[in-house]
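Novice: I'd like to ask you about the structure that follows.
The values are calculated or read from the model by the stated rules, or taken from the named source; none is laboratory data. The structure displayed is predicted, hence computed values, not measured ones. FYI the Cβ positions are ideal-geometry reconstructions off the backbone, even for glycines, and counts take in every protein chain you see. These accessible areas exclude ligands, DNA and RNA; they are computed on the full protein's heavy atoms, side chains included. Shrake-Rupley method; radii C 1.70, N 1.55, O 1.52, S 1.80 Å.
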Amino acid sequence: MRSDLVDPTVHLLVNPASRRGASDASAVRDQLVSSGHKVERIEADGPADVSAAILRAEPTRVIAVGGDGLVHHALPALVEAQIALGIVPSGTGNDFARALGLPKKRTSAVARSVGRTTAVDLLKVDHGDGLETFVATSVTAGFSGRVNATANARDFPRGQLKYTVASLIELRRLEAFDLTVDRLEDGGVGTRGAESAPCAFFAVANTRFFGGGMAIAPKAEATDGLLHLTVVDGVPAWKLALVLPSVFVGQHVRHPRVSERSGTRLELDHDQDVWADGELIGAGKMAVSVVPTALSVGAF
């Protein structure tokens, strides 16, 4: 075994429910072994067991073969034990990998996953009942959350097109909800008071993309020490349909019914289900804060 490897032994984490992930994992393992690594497999019984399975394995580096959801479920263990993460994108959206500039080609992504690491920020959601959730990409609710739910329930089509189909379905039943944003802290300069308005959807972002490549927060970087709030006001379905295509290139923020702000912590009050990294994490009132340099990723 080569002695110059950053982590001679790596642990492979695969989404147990993903047929594509299981298929890709075999090729990833072969490439890692051929480059001199000892590879061990982390066995999880399901999403709820991912973090515990990582801690049981006691790895120094985890290579996640999957998408944003798999990374999401791994975050508690990675943060707690300060374990380095490598990502080989093999999911539906892959927005975290996209934001970090990871290669789409599997062989290139594997090589990057075991390279030198860089510390990136995460978001932390405080649900108000002692429960906290770490988030890699964004926290979102409203129309975008319902699109997430509809997309997750569909087996076809695959990839980003799944979100497009889900968006068309959810536009037909679009409803605004009341959103209150309170205590938006801007990193030491001051705190803004409560602001309430009808809302179609919002996103609190750590990185630029959500929904399979939509640039919902075009200014967001995983290393800027900030969270980025984008709010789309309550608008008719036809008007939201006109705005949505511009989200892919980040031009939606020019629309007068779209606002964007940044800070380090905020509180949100509403009655919607909340989604993060493509996973349902709760509902209603919660606080979101940025945790600088919380995760080490083999990404640069």
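Novice: Please give the per residue accessible area of region 131-233, computed with a probe of 1.4 Å over protein heavy atoms only, in Å². Provide the component values of the computation, followed by the final result.
Specialist: Numbers: 4440 Å² over 103 residues.
For region 131-233, the solvent-accessible area averages 43 Å² per residue.
Novice: Name the residue farthest towards the positive end of the dipole of the chain from the options Val65, Ser35, Leu78, assuming +1 on Cβ of Lys and Arg, -1 on Cβ of Asp and Glu, about the Cα centre.
Specialist: Farthest along the dipole direction, towards plus: Ser35.
Novice: Distance check, please: which entries in Lys162/Lys219; Lys104/Lys162; Lys162/Lys285 exceed 21 angstrom between their Cα atoms? Walk me through the intermediate numbers first.
Specialist: Working: Lys162/Lys219 25 Å; Lys104/Lys162 19 Å; Lys162/Lys285 29 Å.
Lys162/Lys219; Lys162/Lys285, as the Cα separations exceed 21 Å there.
Novice: Roughly how big is region 30-163's charge dipole about its Cα centre, with Cβ charges of +1 (Lys, Arg) and -1 (Asp, Glu), in debye to the nearest 20?
Specialist: Details: 15 positive and 14 negative charges, 160 e Å.
The calculation lands at about 760 debye.
Novice: A further question on this structure: May I ask you to work out the translational diffusion coefficient for region 171-300 at 37 °C, viscosity 0.692 mPa s, via Stokes-Einstein with Rh from the Kirkwood sum over Cα pairs, reported in whole µm²/s? Walk me through the numbers on the way to the answer.
Specialist: Working: Rh = 15.4 Å.
It comes out at roughly 213 µm²/s.
Novice: Provide the packing ranking of 121-128, 83-90, i.e. peptides ordered by the mean count of other C-beta atoms within 10 Å per residue, highest first.
Specialist: Details: 121-128: 18.9, 83-90: 25.6.
Highest-to-lowest ranking by the protection proxy: 83-90, 121-128.
Novice: Of the accessible area of the chain, with the probe set at 1.4 angstrom, what percent is carbon plus sulfur? Present the calculation step by step, with values, prior to reporting the outcome.
Specialist: Values: 6600 of 13400 Å².
Taking all protein chains in place, the chain shows 49 percent carbon and sulfur surface.
Novice: Evaluate the relative contact order of region 1-156 (contact order divided by residue number), counting alpha-carbon pairs under 8 angstrom at least 6 apart; express in whole percent.
Specialist: Details: 222 pairs, mean separation 31.3, N = 156.
Rounded, it is 20 percent for region 1-156.
Novice: Compute the separation of the alpha-carbon centres of region 48-125 and region 129-193 and state it in Å as a whole number.
Specialist: 21
Novice: Next up: Once the Cα gyration tensor of region 134-236 is diagonalised, what are the square roots of 5 times its eigenvalues, in whole Å and ordered largest first, as equivalent ellipsoid semi-axes? Before the final figure, lay out the partial values.
Specialist: Values: eigenvalues 139, 66, 16 Å².
So the three semi-axes of region 134-236 are 26, 18, 9 Å.
Novice: Using R₀ = 22 Å, calculate the FRET efficiency as 1/(1 + (r/R₀)^6) where r is the Cβ-Cβ separation of Phe248 and Arg158; round to 0.05. Write down the numbers at each step before the final one.
Specialist: Working: r = 18 Å, r/R0 = 0.82.
About 0.75, to the nearest 0.05.
Novice: Rank Gly101, Gly91, Gly263 by mean-square fluctuation in a GNM of the chain with C-alpha springs under 10 angstrom and give only the top-ranked residue.
Specialist: Sorting by GNM fluctuation, first place goes to Gly101.
Novice: Hey, could you pull the Cα Rg and Dmax for the chain, both in Å?
Specialist: Radius of gyration, then largest Cα-Cα span, for the chain: 19.0, 61 Å.
Novice: What percent do you get for the relative contact order of the chain when only Cα pairs under 8 Å and 6+ apart count? It would help to have the intermediate numbers written out before the result.
Specialist: Details: 702 pairs, mean separation 63.0, N = 300.
Once normalised by length, the contact order is 21 percent.
Novice: Counting only helical runs of four or more DSSP H residues, what would the 222 nm mean residue ellipticity of the chain come to if each run contributes -39,500 (n - 2.57) and the total is spread over all its residues? Please list the in-between numbers first.
Specialist: On the way: 8 runs with 83 residues, N = 300.
Computed ellipticity for the chain at 222 nm equals -8000 deg cm²/dmol.
Novice: OK, next. Charges on Cβ only, +1 for Lys and Arg, -1 for Asp and Glu, centred on the Cα centroid of the chain; of Ala48, Gly115, Ala200, which one is farthest towards the dipole's positive end?
Specialist: Going by the charge dipole, the pick is Gly115.
Novice: Here is a follow-up. Which angle between 0 and 90 degrees, to the nearest 10, do you get for helix 19-34 versus the longest principal axis of the chain when only C-alpha atoms count?
Specialist: It is inclined by approximately 40 degrees.
Novice: Most mobile of Gly282, Gly66, Gly212 per a Gaussian network model of the chain (Cα springs, under 10 Å)?
Specialist: Result for the chain, Cα springs under 10 Å: Gly282 fluctuates most.
Novice: Relative to the Cα centre, what is the charge dipole magnitude of the chain, using +1 at the beta carbon of each Lys and Arg, -1 at the beta carbon of each Asp and Glu, and rounding to the nearest 20 debye? Show your work: numbers first, answer last.
Specialist: Details: 31 positive and 34 negative charges, 268 e Å.
Here the chain has a charge dipole of around 1280 debye.
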